[in-house]
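Down below is the structure, laid out as structure tokens.
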Amino acid sequence: MPYPEIMIRPMREELTRLGIEEARTPEQVDEAVRETQGTVMVVVNSVCGCAAGKARPGIARAMQHTTKPERAITVFAGADIEATEKARAYFTGHQPSSPSIALLKDGQLVYIMERYQIEGKDAPTIAEELTRAFDQHCAAASSSTANA
């Protein structure tokens, strides 16, 4: 049974205020991945403490970095059930994890930070790791777009 929307709305808004789009259906997930040239960040949001105190604040810091994915979407585990399953289907070779943060480049998984990698870190460390991943996986896409 999904979480009540009134309970999770503030957790959703922490990410949407950053410009991260909600993908509440499998079709919205597929559209974001299929239609974006370059890198898409997919955040599997969660009600857990490590999402609240570590993942979402770390993402907020990372999104201030000059190099970012071309598009960022979020699904909410325990609420957007089918959309979350669809997003996780792109995370080949990885077990379901909430929260998690993935980068897909041209539809292929190039980076993932799973719950076990989030739990033991603070928000600034998560932000540092994400910005390194952005620099590695998003910079080339930004450069090639500028040259096109």
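FYI, it's all coordinate maths here, none of it is from the lab. Not measured: the values here are computed from a predicted model. No Cβ is skipped: glycine too gets one built from the backbone with ideal geometry, and neighbour counts run over all protein chains shown.
Below are the figures for this structure:
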{"read-out": "Whether region 37-93 is rounded, prolate or oblate, judged on the alpha carbon gyration tensor where a/c under 1.5 counts as rounded", "value": "oblate"}
{"read-out": "Cα gyration tensor shape for region 5-137, rounded if a/c is under 1.5, else prolate or oblate", "value": "rounded"}
{"read-out": "Label point at Ala52 placed 7 Å out along Cα→Cβ; residues across region 1-33 whose backbone nitrogen lies under 15 Å", "value": "4, 6-15"}
{"read-out": "Nearest 10 degrees, 0 to 90: helix 26-35 Cα axis against the chain principal axis", "value": "10"}
{"read-out": "Dipole of region 5-137 [Lys/Arg +1, Asp/Glu -1 at C-beta], most positive-end residue of Ile8, Ile118, Thr25", "value": "Ile118"}
{"read-out": "Extended-chain gain in nm, criterion 0.36 nm per residue less alpha-carbon gap, Thr25 and Tyr116", "value": "30.2 nm"}
